[in-house]
Amino acid sequence: MNEVAVKHLTNIDPVLSELNKISPKREWDIREPNFEGFVKIIIGQSLSNKAAETIFERVKKLYPNLLISEMLTVKIHNNKFYNCGISKSKTEYIKNLANHCVQNKFFFNELTQKSDKEVIHELTKLKGIGIWSASIFCLFHLNRKNIFVIKDVSLKKAVEKLYFNDKSFSN
């Protein structure tokens, strides 16, 4: 993580300062900005990490060499996705994204050249991709460290625990 940002936040926030002292340091996990990565994000919408990972691993088995591609996704029958545990709506979102990527071969490449706001705008034009999914993509796949994923349930729970003694606060 950016040391300047960590220093700034720990200087102005005593809770983050204490958390920083006891947290293990780790490298930022950068993921490829590609179709497969976004499929994983769609699968993970409103699911626990464990459930999402289980479903994602099932989906990978539908593809030769376990490589999820736009071209093959378009051809796979929806029932195969349902059998992996993906809902009808998420299957529709994945298929819609696949079709979009087939028609726009350099879609993910082009996103890397855009500002955060432009990326989020482009992604949220696609059915089933909202602010949360677009923000997660920016943060982990485009390495945009200035993204705050405001609607993230894990982040909300962490804030409640750290600042509000585990009491829920309104959205």
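The values are calculated or read from the model by the stated rules, or taken from the named source; none is laboratory data. Remember, it's a predicted structure, so these values are computed and weren't measured experimentally. Counting neighbours? That spans all protein chains shown, and the Cβs are built from the backbone with ideal geometry, glycine included. SASA here: full protein model, heavy atoms, side chains in, ligands and nucleic acids out. Shrake-Rupley method; radii C 1.70, N 1.55, O 1.52, S 1.80 Å.
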Item to check | Whole-Hz ³J(HN,Hα) from phi, Karplus 6.51 cos²θ - 1.76 cosθ + 1.60, for the stretch 156-164, glycine and proline x | outcome: 4, 5, 5, 5, 4, 5, 6, 10, 10
Checklist entry - With Cβ to Cβ distances under 14 Å as the rule, what net charge do the other residues near K25 carry (K, R +1; D, E -1)? => result 0
Checklist outcome for this item: GNM on the chain, Cα springs under 10 Å; top mean-square fluctuation among D152, D116, D13 goes to D13
Item to check | the chain: calculated mean residue ellipticity at 222 nm from DSSP helix runs of at least 4, using -39500 (n - 2.57) | outcome: -18000 deg cm²/dmol
Item to check | For F148, net neighbour charge (Lys/Arg +1, Asp/Glu -1) across residues whose Cβ lies under 13 Å away | outcome: +2
Next on the checklist: Please list 3J(HN,Hα) in residue order for the stretch 28-44, calculated via the Karplus relation 6.51 cos²θ - 1.76 cosθ + 1.60 where θ = phi - 60°; whole Hz, with x for glycine and proline.
Outcome noted: 5, 8, 8, 10, 5, x, 9, 4, 4, x, 6, 4, 4, 5, 4, 4, x
Next on the checklist: On alpha carbon coordinates alone, what is the Rg over Rh value for the stretch 81-171, Rh being the Kirkwood radius?
Outcome noted: 1.06
Checklist entry - HN-Hα J couplings of the stretch 62-70 from phi, Karplus 6.51/-1.76/1.60, θ = phi - 60°, integer Hz, Gly and Pro as x? => result 6, 10, x, 6, 6, 9, 6, 10, 4
Checklist outcome for this item: Computed on Cα atoms, Rg of the chain relative to 2.2 N^0.38 Å comes out at 1.16
Checklist outcome for this item: Straight-line reach check, K80, cutoff 26 Å on alpha carbons, 8 or more apart in-chain or any other chain, hits among lysines -> K40, K50, K60, K61, K88, K90, K95, K105, K127
Checklist entry - Hey, if you drop one equal point scatterer on each alpha-carbon of the stretch 23-76 and run the Debye formula without solvent, what base-10 log of I(q)/I(0) do you get at q = 0.17, 0.19, 0.22, 0.26 Å⁻¹? => result -0.62, -0.74, -0.92, -1.11
Item to check | Average accessible surface area per residue within the stretch 5-151, 1.4 Å rolling probe, Å² | outcome: 62 Å²
Checklist outcome for this item: Cβ-Cβ cut-off under 11 Å around D166, Lys and Arg +1, Asp and Glu -1: the net charge is +2
Checklist entry - So, with a 1.4 angstrom probe, what is the percent of accessible area on the chain that is carbon and sulfur? => result 54 percent
